[in-house]
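Scroll down for the structure; my scribbles are underneath it.
The values are calculated or read from the model by the stated rules, or taken from the named source; none is laboratory data. If you're wondering where the values come from, they're calculated on a predicted model, not measured in any experiment. A quick note on method: Cβ atoms are made from the backbone with ideal geometry, for glycine too, and the neighbour counts reach across all protein chains shown. Calculation scope for accessible area: heavy atoms of the full protein, side chains included, ligands and nucleic acids excluded. Shrake-Rupley method; radii C 1.70, N 1.55, O 1.52, S 1.80 Å.
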Amino acid sequence: MLLITGAMTTVSCNDWLQEEPKSFIGPDQLGNSKEAIDEWLTGVYSNWLYDMFCWGEFPRVLELDADYISGPDWLLGKLGAGNFQGESALDKMWSGPYNLINDANVAERYIKAMTAVDEGYKNNALGELYFQKAFCYFLLVRAYGPIPYMATDVANGEDAYGGRVPVQEIYDHIIQMLTDASEMMYKLDDPNYQTGHVSAGSAAGLLAKVYATMASYAMPAGTQITVRTGAPYETVNHNGESVQIYRAPSSETFQKQAVAGYENMDAQALYAKAAEWAKKVIDGQYGLYELSDYDNLWKSANRSASEFMWAIQSLDGDTKYRTQIHSFYSGYTLENSEFLQSGGWVGCTNNWYSLFDDQDYRITKGVRHFWRYYYQEDYNGCFYYPQSWSEQVQGITQMGEWVEQAEEYKATGLSYQYNQTSECLAFTTKYDDVKNKATDYADSQWPFLRYADVMLIYAEAENELGNETEAVNYLNKVRQRSNASLMASSPGKNALRSAIIEERAKEFACEADRRWDLIRWGIYLDAMNAIVTNKGTPEENHQDDSGNNKQRTERNLLYPIPTKEMVANPNITENNPGWN
């Protein structure tokens, strides 16, 4: 499993993303103090940046295989085309979480042995470790199904090559760790809570998400979910010529497929637990959590707001604690330049953009509408989005006929352009606000769990439990923040279920949630294969806006266990179905 055994950097726990590591020391030298506990936590948290996000594998392994996500084919690669085997990034999807789990087990062993530390401080630290391990197992079990479980660390006698244990058993461990963490960690309003760390509310919120995930997996086959999808564009005849334009997505109702490993779980009981834990957070039992005002939501100054219950933050230009989130989603410029030098590649499709009301802030403010690349400087060029703005912005109808350009765009003197390639997608503005836009490694925050997620989980659970009025109420709370149209009353359980799942697609776009929502609801294959272009070959028949293959088969429901693990681990003799 490519495990490491506890070399810790000597930085303060409060400032672990604000200082360079000074040296490496052995675990037995850390001592028996609050400072030693801080060192252990620092070492575990550091795995996310230096081991997983630093080289660009994360969030790609969680994000790129989804119906509404697109980008250039060279970036999406095998992962974005459904050919997961041989995708190097997926090696880190396996080894990264297991590295962290092993480090957390080492830290747990040493912290438990400390005698000179306040019990509250010690318990909080152990709770943080339990949270980190639980989250890693949650990522792994969703991606791989049955997986090995590590009760302790390799240095303490754990077999580095354990066999796979059933999905239910892994979830039992996750639930126990998060339940313990919710009782052991400081609450958000506790004076001892340190900003930037996970808290008791983080554990409760993640526990609600875990229960809802299990519940949706366990829902009966045949459960109906409607998704707005279909071909990205249509070809129409205009004056004897074929013209290709983007089309509005069509509503397709899919029947949930049973998901292996979850057949014996009780969906209603699990949704009851999801609602219970989400409501604890909502009612303030773990401190006050609030939805941030939309205009501040994605500002760098707002990163420590209570909405961000669990997130990873990098340093500006750092060589170790860095990510390329800003580069991938926003792009970076040269110093004192408005022109993008590189990046800004990953975006959403027209099918996603068309889900929104025209006045919804998540597209009026949350999508980039005008941008310029360095190669446009010579001819004063400028890209725009969406294509439907062509008449006013470019002075050309979607049918290619010249009309009067809107005066405000004519006055700029810019040469506006749009094309149906990866250059023109619905690019998010979530990751735009950084200290220095002229670097490939800008400071960025990646949100793993937001308070909005807890609210939509609560809405989802209440709907499935028959409390549709309560579900509509909390769905509307999320919509209201974004100036979206509110739902007056429940349209019925099936339609409301679909609306909540769609709301998740809108709210958490480019936050690595969409694939896993489709998987847990058993509609991943239907949703991906509904993108049909009818061009010719099977791959061409299922291309998105950028020409990426979206055709999927049953083997894509789980990631393949990396070849290195299969070769080295004698206790895993078979890969996931469909993979060598």
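Filtered by the rule that a residue be over 22 Å from Tyr262 (Cα atoms) and in a helix (DSSP H, G or I), the range 144-166 gives Val154, Ala155, Asn156.
Please work out if Tyr431 is modelled with pLDDT of 95 or more, under 30 Å from Leu206 (Cβ atoms), assigned to a loop (DSSP other than H, G, I, E, B) and of a type in the set (Ser, Thr, Tyr). Answer is yes for this residue. Residues in the range 491-534 that are in a loop (DSSP other than H, G, I, E, B) and open to solvent by less than 30 Å² (accessible area, probe 1.4 Å): 13 in all. For the residues Gly547, Gly578, the requirement of being open to solvent by 50 Å² or more (accessible area, probe 1.4 Å) and either closer than 23 Å to Ser88 by Cα or assigned to a loop (DSSP other than H, G, I, E, B) (or both) singles out Gly578.
Residue-wise test of (1) under 19 Å from the mean Cα position of the chain (by Cα); (2) open to solvent by 30 Å² or more (accessible area, probe 1.4 Å); (3) over 20 Å from Arg514 (Cβ atoms).
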| site | (1), (2), (3) |
| --- | --- |
| Thr421 | no, yes, yes |
| Asp432 | yes, yes, yes |
| Pro447 | yes, no, no |
| Glu470 | no, yes, yes |
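Scanning the range 343-389 for residues that are modelled with pLDDT of 95 or more and of a type in the set (Gly, Ala, Ser), we see that the one that is most open to solvent (accessible area, probe 1.4 Å) is Ser354.
Residues that are polar (S, T, N, Q) and more than 29 Å from Met52 (Cα to Cα) were ranked within the range 290-340; the one that is surrounded by the fewest Cβ atoms within 10 Å (Cβ to Cβ) is Asn336.
Residues satisfying the criterion are absent from the range 262-274 (criterion: assigned to a helix (DSSP H, G or I) and closer than 30 Å to Thr439 by Cβ).
Here Ser95 does not qualify as closer than 25 Å to Asn580 by Cβ, modelled with pLDDT under 95 and among the polar types (S, T, N, Q).
For the criterion of being closer than 26 Å to Gly145 by Cα, assigned to a loop (DSSP other than H, G, I, E, B) and out of contact with any helix residue (DSSP H, G or I) (no Cβ under 7 Å at 6 or more places or on another chain), Thr537 fails. With respect to Lys506, is the statement that it is closer than 20 Å to Asp453 by Cα and either within 21 Å of the chain's Cα centre (by Cα) or modelled with pLDDT of 95 or more (or both) true? For Lys506, the condition - closer than 20 Å to Asp453 by Cα and either within 21 Å of the chain's Cα centre (by Cα) or modelled with pLDDT of 95 or more (or both) - is met. One residue alone among Thr349, Thr364, Thr333, Thr323 is touching a Lys or Arg at 6+ places or on another chain (Cβ under 7 Å) and either on the phi < 0 side of the Ramachandran plot or of a type in the set (Lys, Arg) (or both), and that residue is Thr333.
Checking each residue in the range 144-177 for being over 27 Å from the mean Cα position of the chain (by Cα) and at positive phi picks out only Gly157. All of Ser23, Ser33, Ser70, Ser88 fail the test of being more than 30 Å from Thr226 (Cα to Cα), of a type in the set (Gly, Ala, Ser) and at pLDDT 90 or above, apart from Ser33. Count of the range 248-269 residues, restricted to those that are open to solvent by 50 Å² or more (accessible area, probe 1.4 Å), charged (D, E, K, R) and farther than 22 Å from Glu169 by Cβ, is 1. Within the range 168-181, the set of residues being open to solvent by 10 Å² or more (accessible area, probe 1.4 Å) and touching a residue at least 12 places away in the same chain (Cβ under 8 Å) comprises Gln168, Glu169, His173, Ile175, Met177, Thr179, Asp180.
Only residues that are assigned to a helix (DSSP H, G or I) and open to solvent by 20 Å² or more (accessible area, probe 1.4 Å) were counted in the range 182-194, giving 2.
Among the residues of the range 452-479, which ones are in contact with a Leu (Cβ under 8 Å, 6 or more places away or on another chain) and under 17 Å from Glu276 (Cβ atoms)?
Residues satisfying the conditions are Met455, Leu456, Ala459, Asn463, Ala471, Tyr474.
Can we say Ile225 is over 30 Å from Asp545 (Cα atoms) and either out of contact with any helix residue (DSSP H, G or I) (no Cβ under 9 Å at 6 or more places or on another chain) or not hydroxyl-bearing (Ser, Thr, Tyr) (or both)? Taking the combined requirement at face value, the residue does not satisfy it. Looking only at the range 40-93, residues that are touching a strand residue (DSSP E or B) at 6+ places or on another chain (Cβ under 9 Å), open to solvent by 20 Å² or more (accessible area, probe 1.4 Å) and not in a helix (DSSP H, G or I) come to 1 in all. Take Leu486 and tell me if it is open to solvent by less than 10 Å² (accessible area, probe 1.4 Å) and of a type in the set (A, V, I, L, M). No: the conditions fail for Leu486. Take Gly287 and decide whether it is on the phi > 0 side of the Ramachandran plot and either crowded, with 17+ Cβ neighbours inside 10 Å or touching a Cys at 6+ places or on another chain (Cβ under 6 Å) (or both). In short, no.
Quickly run through the range 449-467 and pick out the residues that are outside any loop (DSSP other than H, G, I, E, B) and either surrounded by fewer than 20 Cβ atoms within 10 Å (Cβ to Cβ) or aliphatic (A, V, I, L, M) (or both).
Filtering the range 449-467 down to residues outside any loop (DSSP other than H, G, I, E, B) leaves 449-464.
Those that are outside any loop (DSSP other than H, G, I, E, B) and either surrounded by fewer than 20 Cβ atoms within 10 Å (Cβ to Cβ) or aliphatic (A, V, I, L, M) (or both): Leu449, Ala452, Val454, Met455, Leu456, Ile457, Ala459, Ala461.
Filtered by the rule that a residue be at positive phi, open to solvent by 10 Å² or more (accessible area, probe 1.4 Å) and in contact (Cβ under 8 Å) with a residue 60 or more places away in the chain, the range 195-238 gives a lone residue, Gly196.
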